[in-house]
Amino acid sequence: MARTSGMDHYLEAIYVLNGEGITVLPSVLADYLGVSRPTVTQTVQRMTSAGYVGQGEGKEIVLTDAGQARAEVVVRRHRLLERWLSDVLGLDWADAHVEAGRLEHSLSPLVEERLYEQLGRPQTCPHGNVIPGSGAVQQQGLRLNEVVGPAEVRVVRIFEHAEEDLDLLRFLHRAGLVPGGRVRVAATDRSFEAGVPVEVEGQTYALDEAVAERIIVTPVGAVPSEAQA
């Protein structure tokens, strides 16, 4: 069966969710993609017939070796394009994410490789997620909402789950909550105060827990902890 961009979109989603430690049940995939459950069921059946996915013991959707390989190709192209659109063309994170999604399916292997070389063989996308095939390892850390203040931390990556919220992407980019950015976490009693109080580039914010948990950080001065990408 031919590989369609529709299947690629699902493979990319499964890859991203797996990378964030999320068990990919059909309902989870439907919510992430913003489609109906019957649509997911039909597409997953086609992907199963094509040999891209299977079913785990807990009914979760799992990538086969063929599915993993194809997903890595799509994710690599998407992250390279985001890097180019953001770093070279100057698009903000949200616009770069949208445009990368449009372009990734038409990028040839030749152009992909030339783009990778021209960009200086980048290891991550603008949000700190490792580009498959770069040989890099994903730096590990804490979710921002797990940090006990007062503390100063450095942003490592933004979970790709957050990328589907374009307004959130624009906010994070504008606020300086970007890989390498420093964040001061204030002391607070989470039992009585809402949000995660942080200071970034002289501005203070009370981040929603759902936002803070998508931001991975490490203490300033800490030795990076890595896991194979």
What is the dipole size for the chain, taken about its Cα centre, with +1 at each Lys and Arg Cβ and -1 at each Asp and Glu Cβ, in debye to the nearest 20? 440 debye
Quick note on 65, 8, ordering by fewest other C-beta atoms within 10 Å, gives 65, 8
P(r) tail fraction, the chain - alpha-carbon pairs more than 21 Å apart, %: 58 percent
Just from its helices, what would the mean residue ellipticity at 222 nm be for the chain, if runs of 4 or more DSSP H residues each count -39500 (n - 2.57) and the sum is divided by every residue, rounded to the nearest 500 deg cm²/dmol? -12000 deg cm²/dmol
Residue 208 long-range amide H proximity, modeled H, under 5 Å: 196
Applied in sequence order to segment 200-216, the curve 6.51 cos²θ - 1.76 cosθ + 1.60 (Karplus, θ = phi - 60°) yields integer Hz couplings, x standing for Gly and Pro, of 10, 6, x, 10, 9, 9, 10, 6, 4, 4, 5, 7, 4, 6, 9, 10, 9
Packing-based exposure ordering (other Cβ within 10 Å, fewest first) of 127, 105: 105, 127
What stretch of the chain, leaving out the sites themselves, is the longest with no GluC sites (Glu not before Pro) in a DSSP loop having at most 11 other Cβ atoms within 10 Å? 58-192
Can you work out ³J(HN,Hα) from phi for every residue in segment 67-76, in order, using Karplus 6.51 cos²θ - 1.76 cosθ + 1.60 and θ = phi - 60°, giving whole Hz and x for Gly and Pro? x, 4, 5, 5, 4, 5, 5, 5, 5, 4
How do 184, 77, 121 rank when sorted from fewest to most other Cβ atoms within 10 Å of their own Cβ? 121, 184, 77
The answer for residue 24, listing residues at least 5 apart or on another chain whose modeled amide H is closer than 5 Å to its amide H, is 61
What list of ³J(HN,Hα) values in whole Hz, one per residue of segment 121-131 in order, does the Karplus curve 6.51 cos²θ - 1.76 cosθ + 1.60 (θ = phi - 60°) give from phi, with Gly and Pro shown as x? 6, x, 9, 9, 6, x, 9, x, 8, 4, 7
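The numbers here are math on the coordinates, done by the rules we state, and not lab data. Note that the structure is a prediction, hence the values are computed from the model and not measured. Note that we place each Cβ from the backbone using ideal geometry, even for glycine, and neighbour counts take in every protein chain shown.
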